[in-house]
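Below is one structure, written out as structure tokens; comments come after it.
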Amino acid sequence: MEAVEKLWAVLSAPWTQVGERTRRAGSVLTVSTRDRSTEPTAAMVDAQSVKTSGNVAETSQGIDAGKKIKGRKPHLITDTLGLALAVLVTAALVHDSAGGKQLLAELAVTHPRVTKVWADGGYSASVLQHGASVGIELRSCSGRG
């Protein structure tokens, strides 16, 4: 809380001191985050089927039977700030679980500090087991609230 109070004191200075205030605010933030790693430790995974145009090759698209969409499906893992950590684009017919397994394997290699990932109910128990095998705890979130 001390860092927040220092930052507020810096930011509440008169507007005539903008340059100095900005420099001091930066130093306060640097001090307050000095012990934090820049590498994420938690993330979220999801996928969404999107329609493709008529001039996309048939081999690169499919039909998501649940949503009745002909197109592609981007599978995405983001950190808690929303920054992309892993991306996979498949035909829409690929199930969330299949894409999720591939993404978790990639995530374990490229971002080894991530140990917890939240996912919606579209991911099966096999994804949960696969996550555990690569050192990632997969948590289900219902989306209700």
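Derivation of every value follows stated rules applied to the coordinates shown; laboratory data play no part. All values derive from a computational prediction rather than experimental measurement. Cβ coordinates were reconstructed from backbone atoms using ideal geometry, including for glycine residues, and neighbour counts include every protein chain displayed.
Quick notes on this one:
- Full extension of the chain segment joining residue 132 with residue 106 gains 8.0 nm, where the gain is 0.36 nm per residue of separation less the Cα-Cα distance.
- Shown in residue order for the range 106-116 are the 3J(HN,Hα) couplings computed by the Karplus curve 6.51 cos²θ - 1.76 cosθ + 1.60 at θ = phi - 60°: 5, 4, 4, 7, 7, 9, x, 7, 6, 10, 9 Hz (x for Gly and Pro).
- In the range 67-145, Cα pairs under 8 Å separated by at least six residues give a relative contact order of 24 percent.
- Dividing the Cα radius of gyration of the range 42-140 by its Kirkwood radius returns 1.00 for Rg/Rh.
- For the range 42-140, the dipole from Cβ point charges (+1 on Lys and Arg, -1 on Asp and Glu) about the Cα centre works out to 180 debye, to the nearest 20.
- Between amide H atoms placed 1.01 Å from N, distances below 5 Å from residue 92 occur with 62, 71, 72, 73, all of them 5 or more places distant or on a separate chain.
- Lysine pair number, Cα distance threshold 18 Å (strictly under), the range 42-140, separation 8 or more or different chains: 6
- For the range 42-140, the share of DSSP beta bridges that are antiparallel, to the nearest 5, is 70%.
- Likely footprinting exposure, 114, 94, 87, 45, fewest C-beta neighbours within 10 Å first: 87, 94, 114, 45
- Among the trypsin sites (Lys or Arg not before Pro) found in the range 71-145, those both in a DSSP coil and sparsely packed, with 16 or fewer other Cβ atoms within 10 Å of their Cβ, are 113, 144.
- Placing a pseudo-label 7 Å from each Cα along the Cα-to-Cβ vector at residue 87 and residue 39 gives an inter-label distance of 2.3 nm.
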